[in-house]
Amino acid sequence: MARTMKAAIPDRSADAEVDVSMTVNGEAVSRSVSVRMLLSDFLRHELRLTGTHVGCEHGVCGCCTVLLNGRAGRSCLTLAVQANGYDIRTIESVASADGTLHPVQQAFKECHGLQCGYCTPGMVMNIVARFEEPGKLDLTDEGIRDLLSGNLCRCTGYLNIIAAVRRAAELLGRA
Amino acid sequence: MKPSLFGYQAPASIEEAISILAGDPDAVVLAGGQTLLPAMNFRAANPSTLVDIQHVADLRGIEVGTEIIIVKAMTRHREFELDAAVARVNPLVAEVMQHVAHVPIRNRGTVVGSLCHADPSAEMPMLLVLLGGSVIAQGPSGRREIAAEDFFQSFLTTARERDEIITEARFPVLPKGAGWAFDEVTRRHGDYAIAGVGCVLSLDDRGRASRVQLAACGIADTPVRLKEAENILTGTTLGASDLDAAVAASGAAVTQPDEIHVSHTYRRRALGTLIRRIVTMAAQRATQMETA
């Protein structure tokens, strides 16, 4: 097909833009973004919070898990505009400002619960969310596997991650 | 991947949402997005406009009545799963919900969204069919109630008109003293079911089944009530030969063809194993309810 190459390249994206405001790690942020921007890309590209990893972009791997109004959810299956007005927490908020690790992170370190580390932010956010819920934790192998079932790890074989969840429960006085 | 271009509307009322749908044949309702957004990221779904209904106050919440539990369109799976009032009148809900994906997905995905998606291997459509529930569809010409068995028409196809919103689902409570159970066979926990079976049954004072409801997901192009098996089991003591007869009568309900991981024969055998397991478990619970 003959197509002229002279057509002007548009200087603007055809995407409709929308104003979004939310609280991210305790800070109010406002941006004008494409309506099709995923929350994961909003965090990484607009806010430069690259601790939230992107694996599969269809909700299977769990790498992009963040807390939406205190509950774990997939940032790749949420549009930034859907999160308008939400309170978002990412892995960057988990360790203390002085660099002291959160007990869940400390437990991953002690138990060698990570190798390449790609899945770790999503794992940690999912586990932190469960630990923040009231009630007794199910720390049987089966219970911990259920907790981790929405997060894929291709390095560890999971055994050290299961140990890390138990260790985190000890560190947090929840064992 | 990223979704293709679309418009976005966030109406504040049901009427406003319906008028957007009525004016744009390719507009799609966005609730929790846990199925729609992956489909859009794959570009398998390309809606012209997303109608985000999360800000419609009338579409939130759960109302537990004496006979019916009303689940509004924006109710997340996890809310339905953890609701103490729901658990009191229908403990089957929480048992089924353990099998729906994973907690982070259940935190965002909605019950009604799952019903409207109508995946025949999903658990929520089966639960509505098993219980004999219904949905309320609201469109430009008003509201109508659609029974579960009429709502699910085929694979990913429901009786909802494209300018209608399913505003709520109506799940009946369990009869007093009834036993219940659900289980499924999957390759990995949280996956869609290869086969899943749910049961609600009541026993009379001689230990005979006075009422049996049995349904399956994963075996056909819609969730299925196993009516022949229900009729065979009703009036029996649910012994081994009764279960054999019920299983034999249910094989023909499996219409899914061979798939790469699952042969038709395997699915039939999984269904049979589940029917035996689930009916027995429901009967045990009904007995416990009587003695409690």
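The values are calculated or read from the model by the stated rules, or taken from the named source; none is laboratory data. Treat the numbers as computed from the prediction; the structure is a model and nothing was measured. A quick note on method: Cβ atoms are made from the backbone with ideal geometry, for glycine too, and the neighbour counts reach across all protein chains shown.
Some observations on this one:
- Meets criteria (modelled with pLDDT of 95 or more, of a type in the set (A, V, I, L, M, F, W, C) and under 30 Å from B:Ala12 (Cβ atoms)) for A:Leu49: no
- Test result for B:Pro47, in the same structural domain as B:Gln138 (by TED's automatic domain parsing), within 19 Å of A:Cys76 (Cα to Cα) and buried (at least 16 other Cβ atoms within 10 Å of the Cβ): no
- In the stretch B:55-82, the residue that is nearest to A:Ala72 (Cα to Cα) out of those that are surrounded by 18 or more Cβ atoms within 10 Å (Cβ to Cβ) and not hydrophobic (A, V, I, L, M, F, W, C) is B:Arg78.
- Scope the stretch A:109-130; condition surrounded by 17 or more Cβ atoms within 10 Å (Cβ to Cβ), free of Cβ contacts under 8 Å to residues at least 60 places away in the same chain and either hydrophobic (A, V, I, L, M, F, W, C) or not in a helix (DSSP H, G or I) (or both); matching residues: A:Cys111, A:Gly113, A:Leu114, A:Val124, A:Ile127
- Residue match in the stretch B:183-199 (condition: of a type outside the set (D, E, K, R) and more than 27 Å from B:Thr35 (Cα to Cα)): no
- Matching residues in the stretch B:261-284 - criterion: being farther than 27 Å from B:Arg188 by Cα and surrounded by fewer than 17 Cβ atoms within 10 Å (Cβ to Cβ): B:Gln284
- All told, B:Val96 falls short of being in contact with a Lys or Arg (Cβ under 9 Å, 6 or more places away or on another chain) and not aromatic (Phe, Trp, Tyr).
- Of all the listed residues (A:Leu148, A:Leu101), the sole one being under 19 Å from B:Ile105 (Cβ atoms), surrounded by fewer than 24 Cβ atoms within 10 Å (Cβ to Cβ) and at pLDDT 95 or above is A:Leu148.
- Filtering the stretch A:125-143 to residues that are of a type in the set (Val, Ile, Thr) and under 19 Å from the mean Cα position of the chain (by Cα) leaves A:Ile127, A:Val128.
- Flag for A:Asn160 being within 10 Å of chain B (Cβ to nearest Cβ) and either more than 24 Å from A:Val20 (Cα to Cα) or not in a helix (DSSP H, G or I) (or both): no
- Of the residues in the stretch A:132-142, at least one is within 11 Å of another protein chain (Cβ to nearest Cβ) and not acidic (Asp, Glu).
- Any helices (runs of 4 or more DSSP H) falling wholly within the stretch B:13-101 and containing at least 3 residues that are within 14 Å of another protein chain (Cβ to nearest Cβ), farther than 15 Å from B:Thr167 by Cα and aliphatic (A, V, I, L, M): B:36-41
- Looking across the stretch A:57-70, the residues that are within 9 Å of chain B (Cβ to nearest Cβ) and either small (Gly, Ala, Ser) or out of contact with any helix residue (DSSP H, G or I) (no Cβ under 7 Å at 6 or more places or on another chain) (or both) come down to A:Gly59, A:Val60, A:Gly62.
- Some residue of the stretch B:105-115 being within 14 Å of another protein chain (Cβ to nearest Cβ), in a strand (DSSP E or B) and either more than 17 Å from the chain's Cα centre (by Cα) or under 20 Å from B:Ala148 (Cα atoms) (or both): yes
- Scope the stretch A:71-113; condition within 14 Å of chain B (Cβ to nearest Cβ) and among the small types (Gly, Ala, Ser); matching residues: A:Ala72, A:Gly73, A:Ser75, A:Ala80, A:Ala83, A:Gly85
- Here A:Arg174, A:Arg154, A:Arg71 are screened, and the one residue that is touching a residue at least 24 places away in the same chain (Cβ under 8 Å), touching a Phe, Trp or Tyr at 6+ places or on another chain (Cβ under 7 Å) and of a type in the set (Lys, Arg) is A:Arg174.
Residues checked against (1) at pLDDT below 95; (2) surrounded by 15 or more Cβ atoms within 10 Å (Cβ to Cβ):
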site: B:Val200; (1), (2): no, yes
site: B:Ile219; (1), (2): no, yes
site: B:Leu226; (1), (2): no, yes
site: B:Ala229; (1), (2): no, yes
site: B:Ala240; (1), (2): no, no
site: B:Val247; (1), (2): no, yes
site: B:Glu259; (1), (2): yes, no
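- Residues in the stretch B:132-145 that are farther than 15 Å from B:Val111 by Cα and of a type outside the set (Asp, Glu): B:Gly132, B:Gln138, B:Gly139, B:Pro140, B:Ser141, B:Gly142, B:Arg143, B:Arg144.
- Total residues in the stretch B:17-42, condition in contact with a Pro (Cβ under 7 Å, 6 or more places away or on another chain) and either surrounded by fewer than 18 Cβ atoms within 10 Å (Cβ to Cβ) or within 23 Å of A:Ala83 (Cβ to Cβ) (or both): 8
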